[in-house]
1. For region 493-533: of the residues being surrounded by 19 or more Cβ atoms within 10 Å (Cβ to Cβ) and under 22 Å from the mean Cα position of the chain (by Cα), which is modelled with the lowest pLDDT?
2. Give me a count of the residues in region 539-572 that are open to solvent by 40 Å² or more (accessible area, probe 1.4 Å), not in a loop (DSSP other than H, G, I, E, B) and not acidic (Asp, Glu).
3. Is it the case, given these coordinates, that Gly200 is out of contact with any helix residue (DSSP H, G or I) (no Cβ under 6 Å at 6 or more places or on another chain), at pLDDT below 95, in a loop (DSSP other than H, G, I, E, B) and within 26 Å of Gly61 (Cβ to Cβ)?
4. Read through the list (1) within 16 Å of the ligand (Cβ to nearest atom); (2) surrounded by 20 or more Cβ atoms within 10 Å (Cβ to Cβ), then give the number of the only condition that Val281 fails.
5. Among the residues of region 375-413, what is the count of those that are away from the ligand (no atom under 16 Å from the Cβ) and touching a strand residue (DSSP E or B) at 6+ places or on another chain (Cβ under 8 Å)?
6. Any chance you could count how many residues in region 298-319 are open to solvent by 10 Å² or more (accessible area, probe 1.4 Å), in contact (Cβ under 8 Å) with a residue 24 or more places away in the chain and more than 16 Å from the ligand (Cβ to nearest atom)?
7. Determine which member of the set Gly222, Gly246 is part of a loop (DSSP other than H, G, I, E, B) and within 30 Å of Ala491 (Cβ to Cβ).
8. Could you grab me the full set of residues in region 344-356 that are open to solvent by less than 30 Å² (accessible area, probe 1.4 Å) and away from the ligand (no atom under 16 Å from the Cβ)?
Amino acid sequence: MTDPRDDAMAEVLAGFAPYPAEFAARYRAAGHWRGETFGSMLRERAAAHPDRIAIVDPAGGAGDDPTRRWTYAELDRRADRMAAGLRARGIGRGDRVVVQLPNVAEFFEVVFGLFRIGALPVFALPAHRYTEISYFCAFTGAVGYVIPAVEGGFDHRELASRVRAETPTLRHVLVVGGDAGEHTPLADVPLDPSGAAPSGSRVPEPQPGDVAFLQLSGGSTGVPKLIPRTHDDYIYSLRGSVELCGQDARSVHLVVLPAAHNFPLSSPGSLGTLYAGGRVVLCPQPSPETAFPLIEREGVTVTGLVPPLALLWLEAAERRRSAGEDLGLETLEVLLVGGAKFSEEAARRVRPVLGCTLQQVFGMAEGLVNYTRLDDPEEVIVTTQGRPISPDDEVRVVDDEDRDLPDGTTGHLLTRGPYTIRGYWNAPEHNVNSFTPDGFYRTGDLVRRTATGHLVVEGRAKDQINRGGEKVAAEEIENHLLAHPAVHDAAVVSMPDPYLGERTCAYVVLREEHRARPPKPVELKRFVRGRGLADFKVPDRVEFVDAFPATGIGKVSKKDLRAAIAASLSSSVTSSVTSSLSSS
Ligand code: OOB
């Protein structure tokens with residue numbers, strides 16, 4: 001008898017570009033893909049060390065100390081009960097469920113519950129709003145959406161009601177904590193597994209080659225693309241990361257960045273820590289005020305940060321040290337920094353100021369992750385973004401015509417390997433541009449390879465702004481600006497920023513009839529925000545121009561726009577420095 005829910009898996013597979021058979025065979029023979037699934041991984045860890053703590057959530061519990069501590073056995077039991085409850089509600093293999101949770105213990109209960117039944121989490125970020133969420137739900141045909149009630153002052157229940165009314169597939173909105181309103185409290189879902197499955201029904205176990213979840217691409221196109229990752233490929237990246245980062249059962253990993261992002265999830269992140277049998281501590285806020293005491297109290301050994309947060313932590317540590325305070329960071333052994341380029345100058349401060357080893361990470365949700373090694377010379381650690389996890393990661397640095405370049409020359413990074421996707425989910429028209437015919441992913445990053453095989457990120461060819469690790473696709477924001485009645489044309493580019501590395505600048509050409517009385521920049525920002533999208537995508541600056549500079553073949557020259565805003569910023573810095581000098 002076929003399970004009707006197999007239809008959902010058929011939909012997933014229809015949009016999935018599998019690894020060619022000869023590559024899959026090679027990755028298996030090399031021992032990279034070992035036939036593990038997330039469900040079996042947790043089951044095995046819980047059997048091996050049931051009483052070890054898996055998850056520490058400093059909030060959400062009852063009593064004087066709200067900290068929740070779940071052992072491996074408890075996480076495993078909760079995943080089973082969640083899986084049974086989700087199945088009883090009709091969610092099954094291949095179904096997509098958008099998960100948008102802050103760093104709370106329930107994130108793991110839900111995600112492992114979904115893994116166990118072969119349903120696919122779609123990993124949204126807490127900052128996403130109506131535009132992104134409605135798109136994820138519609139595009140993936142999601143049957144479920146998991147949210148907090150209110151987070152950071154934002155009522156996710158209202159957003160969920162609106163999306164639910166508009167998305168015919170969306171049957172379940174599950175709410176963690178607080179009043180669920182018209183939706184279902186997540187706490188009502190778990191069921192005793194023995195009573196859940198109707199007798200005689202087939203419950204197909206997820207297979208290692210199945211798509212386990214959909215991750216989001218940073219994006220450079222009008223709408224975000226979805227990244228299908230399999231159990232086999234992702235677990236291999238976890239195992240590799242765990243080894244390179246020296247993680248083991250003693251590791252205590254602080255999850256500071258949003259848990260669903262690929263970096264804190266897998267590099268080596270929370271899932272890598274669970275793979276290694278270590279302890280995951282959830283940090284509700286990334287500030288040093290919250291994180292430092294948690295590091296001290298929980299004996300945190302490793303954490304990962306984006307460059308702006310690393311800078312913030314360095315400054316806080318220096319300030320406290322010069323005030324004679326004890327930092328309490330003695331247990332911290334490794335600080336991973338990635339998501340955006342970490343300046344050499346800041347990288348040099350990590351060891352002396354925080355007393356731990358810096359590990360640079362240059363990764364991407366599509367796959368390839370590079371790390372500096374813990375025993376690399378300090379010069380390599382501070383001046384490069386690392387080298388690939390796997391001996392089977394194929395890395396090419398090429399010119400504009402896809403011709404290989406020698407080491408030391410900057411070019412486009414192409415990659416193929418045992419944990420890099422062969423295509424975005426359901427996006428044949430993008431896949432033609434994003435992958436070479438022989439399956440290399442075009443990362444859009446400009447890199448240089450050193451003689452030691454380490455990569456140095458030199459820039460980007462994709463039309464994206466990297467705002468301190470948060471990715472903004474220029475085209476997506478341009479489309480929002482074009483919806484404004486006064487806007488004739490828009491071009492969004494990066495501008496340098498000492499803290500975030502880059503911020504967004506929107507160049508706008510107004511329609512004739514609006515030029516005499518142009519809208520204020522703040523009105524355009526408000527308009528974009530009002531369309532309901534993540535706050536980090538709202539342009540930081542709006543500049544009005546009569547026309548855009550053009551390239552030789554008549555396209556908008558973003559290079560010239562970037563140069564113009566950079567020059568104008570540096571001259572305004574110079575003039576403000578000059579005026580402050582002359583007034584002092
Ligand atoms: C990580 O993943 P995504 O998918 O949000 O973004 C990937 C892109 C890369 O293609 C590159 O443009 C940029 O982010 N990036 C870096 C970088 N790490 C990522 N650029 C310069 N230096 C770095 N160290 O951001 C991500 C995924 C897994 C681990 C770490 C980061």
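1. Checked region 493-533; the qualifying residue modelled with the lowest pLDDT is Leu533.
2. Residues flagged as open to solvent by 40 Å² or more (accessible area, probe 1.4 Å), not in a loop (DSSP other than H, G, I, E, B) and not acidic (Asp, Glu) within region 539-572 amount to 13.
3. no
4. Of everything listed in (1) within 16 Å of the ligand (Cβ to nearest atom); (2) surrounded by 20 or more Cβ atoms within 10 Å (Cβ to Cβ), Val281 misses just condition (1).
5. Result for region 375-413: 9.
6. Counting residues in region 298-319 that are open to solvent by 10 Å² or more (accessible area, probe 1.4 Å), in contact (Cβ under 8 Å) with a residue 24 or more places away in the chain and more than 16 Å from the ligand (Cβ to nearest atom) gives 5.
7. Criteria check complete, one pass: Gly222.
8. Hits for region 344-356 are Val353, Leu354, Cys356.
The values are calculated or read from the model by the stated rules, or taken from the named source; none is laboratory data. All values derive from a computational prediction rather than experimental measurement. Neighbour counts are summed over all protein chains in view; Cβ atoms, including those assigned to glycine, are modelled from backbone coordinates with ideal geometry. Heads up: the accessible areas ignore ligands, DNA and RNA and are worked out on the full protein's heavy atoms, side chains in. Shrake-Rupley method; radii C 1.70, N 1.55, O 1.52, S 1.80 Å.
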